[in-house]
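Working notes, structure below.
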Protein chains: 2
Amino acid sequence: MQFSIKRSLFIKNLNDVQRAISSKTTIPILTGLKLVLTEAGLMLTGSDADISIEAFISADDEKNELEVGSTGSIVLPARFFGEIVKKLPEDTLTLEVKDNFQTELRSGPAAFTINGLDANNYPNLPVIDTDKQVVLDAAVLKQLIAQTVIAVSNQESRPILTGIHLVLANQELLAVATDSHRLSQRKIQLDIDADIHYDVIIPGKSLVELSRTLGDDVENVEMRIAENQVLFVAGTTSFYSRLLEGNYPETSRLIPTSSSTQVEFNAPQLLSAIERASLLSHESHNNVVKLALDPATNKVTIYGNSPDVGNVEESLNGQNLSGEELEISFNPDYMKDALRSFGQTEIRVAFTSALRPFTLVPTEDADHFIQLITPVRTF
Amino acid sequence: MQFSIKRSLFIKNLNDVQRAISSKTTIPILTGLKLVLTEAGLMLTGSDADISIEAFISADDEKNELEVGSTGSIVLPARFFGEIVKKLPEDTLTLEVKDNFQTELRSGPAAFTINGLDANNYPNLPVIDTDKQVVLDAAVLKQLIAQTVIAVSNQESRPILTGIHLVLANQELLAVATDSHRLSQRKIQLDIDADIHYDVIIPGKSLVELSRTLGDDVENVEMRIAENQVLFVAGTTSFYSRLLEGNYPETSRLIPTSSSTQVEFNAPQLLSAIERASLLSHESHNNVVKLALDPATNKVTIYGNSPDVGNVEESLNGQNLSGEELEISFNPDYMKDALRSFGQTEIRVAFTSALRPFTLVPTEDADHFIQLITPVRTF
């Protein structure tokens, strides 16, 4: 195996594949990066058994400057190899596998020899064999992930809640996550065959990594689902994740259909006020802020308190306040995550009672995105 | 005590003073920020007993927008107070001390009440009473600190080596640091009274913090030295540090006066090559790279090796190589620190033998700056 390649292009693909490689794996060869060179091009593979990423560098695409000397394969220590490639002195690098998997890496005056491993010992990636593929807009997919992943549980006690529940039916993609204290739900209309139907749970961590591999230059992502794996293809990069097994809890009935107190806020403004109030709640043992809504006087006030360091009180600029007077307490960190997911928009907050979950939706599009937060009992 | 002030200006001064405040102090009140308000202005003080920083905000300077309502003093929890001030919603903040040191902080719709402490319980800063002051160019002082602090020891076993030795004599400032493996020495000519003579050891950590408080807008720093304290005054900010007690080792005789092999490099180019070689040495248990200099063939080669992962060999672009053939091994991290301290310049490296310290100096100005590194015996 021998090739030369444009270093900057190689680094970009290496960075993508390295996201899947963990130094903590229990399978030693998975700390390595697999390189397979054919006449068609170079395939890089990284995996931590949960996630696998493949990047293909085509020999036909001139901008890759890939010159195939002789075909073959090798596994190289990923972290170490990546550090070397990033520090090489010239724009081009040459890699050649010699005897005993010893691999020579050259760039200008620098010549590295790296101990490689036999690529035949590298585990095979899952085969995903389906003709039902769904094409998603990359920007929309990234937004959907960012908006729902905040509610994913990081408690391994209920593994199913560490995933995002994706339901594809009736040309609509529904994504839900909940850690049982809060819930995020996002819907997207899709222009796909009406008979495509899936119901899967993808680990939240996988989707976060997927998001990171999707650069701003990626327009579309193709999603293919098999028995226990999902594959996302973006350009020449393939991203595999295992699926979580089990039944996701029924979440639709958790979302209240009516409310007794409503108010609207500018999301970034409310976020700033919550951040200030949480400075105090963080110094307290229960981390709770209180919101008081009084439609009679048209006043919304937020309170934070810590017996040790002090307290804060702030009048909020709530619009269209209506319904019943209410005092409600909640974890400000859940509220901050939820508010950040809305970006620079106006939101409507709807409350039922001081002990029932309340909801946040965009004022302009209440049907496709909802954040739900369970309050904290303080009395 | 009551005042209002421009928030951005207050934050800048707060940031400076907070450098001195540690949450790990054994004296509880030193986790606080002291505010003393007089008709003349507001003095902020922070201290960790080793370092103390004072910042004065003048009421006469209109750009501070300081409105003094009533004079007084208070100590407020520094970290917490700083976080609040940075998150306040408006450009102006108002602070008022009420009963029992309760302090009200207002900005727009937000009102914080913070539990303060009696400023009379805050330790007094040292009094530095000297008429012999030395004015230093701030940029030169920062460079001197950056160039010497790399060789300061962080081993508390020989506390004296955790400082930088400053000798002021014959209108020259000499700064030396050594951790016994390497040594950095810098000289500056000063236009001061010929009878000013000082010989002090300032903790390296103090000088690093001093460097950080000196923004690009600071032109000059006034240095005043007393029995066991040094004071640096930059504009309206005063920086106090304790001095280290004891005798600094005699270092001048450590610097070789002759050499048997000499070569010149571009500092950033050599740094890149050392960084590549150290990728391998870092994977090895002894962290050593080897330099081979052969004046007969005009070749300089660097080698790095790790039995586990591989090795590297690189030809270096050394100029004016002369003297005897030499192979020498050293810690590449010491070399990297030294090379970074030269910036974008050409340097001359002079060797005596494989076991004797070697030196690096700027080719253009060999008298005022020298880095010395002790090699590692590998045979």
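Figures for the structure shown
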item	result
Qualifying positions in the range B:290-318 - among the aliphatic types (A, V, I, L, M) and within 10 Å of chain A (Cβ to nearest Cβ)	B:ILE302, B:VAL309, B:VAL312, B:LEU316
Members of the range B:103-133 found to be at the interface with chain A (Cβ under 9 Å from one of its Cβ atoms) and exposed (fewer than 15 other Cβ atoms within 10 Å of the Cβ), listed by number	B:GLY108
Test: residue in the range A:27-43 that is under 18 Å from A:GLY235 (Cβ atoms), of a type in the set (A, V, I, L, M, F, W, C) and in a strand (DSSP E or B)	yes
Filtered residues of the range B:201-232 (kept if crowded, with 18+ Cβ neighbours inside 10 Å and among the β-branched types (Val, Ile, Thr))	B:ILE201, B:ILE202, B:THR213, B:VAL221, B:ILE225, B:VAL230
Selected residue [touching a Lys or Arg at 6+ places or on another chain (Cβ under 8 Å), surrounded by fewer than 18 Cβ atoms within 10 Å (Cβ to Cβ) and more than 30 Å from A:ILE202 (Cβ to Cβ)] from A:ASP61, A:ASP91	A:ASP91
Residues being more than 13 Å from A:ASP137 (Cβ to Cβ) and modelled with pLDDT under 95 - total across the range A:183-198	6
Selection within the range A:47-97 - under 24 Å from A:SER241 (Cα atoms) and part of a loop (DSSP other than H, G, I, E, B)	A:ASP48, A:ALA49, A:ASP50
Only one of A:ASN331, A:ASN287 that is in contact (Cβ under 8 Å) with a residue 40 or more places away in the chain, surrounded by 15 or more Cβ atoms within 10 Å (Cβ to Cβ), closer than 21 Å to B:ILE114 by Cα and away from chain B (no Cβ under 14 Å)	A:ASN287
Residue match in the range B:334-356 (condition: of a type in the set (Asp, Glu) and modelled with pLDDT under 95)	no
Which listed residue is within 14 Å of another protein chain (Cβ to nearest Cβ), crowded, with 21+ Cβ neighbours inside 10 Å and within 24 Å of B:VAL149 (Cβ to Cβ), from B:PHE342, B:PHE358, B:PHE265	B:PHE265
Residues (among the small types (Gly, Ala, Ser) and free of Cβ contacts under 8 Å to residues at least 12 places away in the same chain) located in the range A:79-135	A:ALA111
Any hit, the range A:53-70, residues being away from every other protein chain (no Cβ under 14 Å) and aromatic (Phe, Trp, Tyr)	yes
Criterion (modelled with pLDDT of 95 or more and within 30 Å of the chain's Cα centre (by Cα)) met by exactly one of B:GLY82, B:GLY69	B:GLY82
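Let's see how each residue does on (1) more than 27 Å from the chain's Cα centre (by Cα); (2) within 30 Å of B:SER157 (Cβ to Cβ); (3) in a strand (DSSP E or B); (4) β-branched (Val, Ile, Thr):
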residue	(1), (2), (3), (4)
B:VAL233	no, no, yes, yes
B:SER241	no, yes, yes, no
B:TYR248	no, yes, no, no
B:VAL263	yes, no, yes, yes
B:SER272	no, no, no, no
B:GLU283	yes, yes, no, no
B:ASN286	yes, yes, no, no
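The values are calculated or read from the model by the stated rules, or taken from the named source; none is laboratory data. Quick caveat, the model's predicted, so the values are computed rather than measured. Using ideal geometry, Cβ is built from the backbone for each residue, glycine included, and neighbour counts are taken over all protein chains shown.
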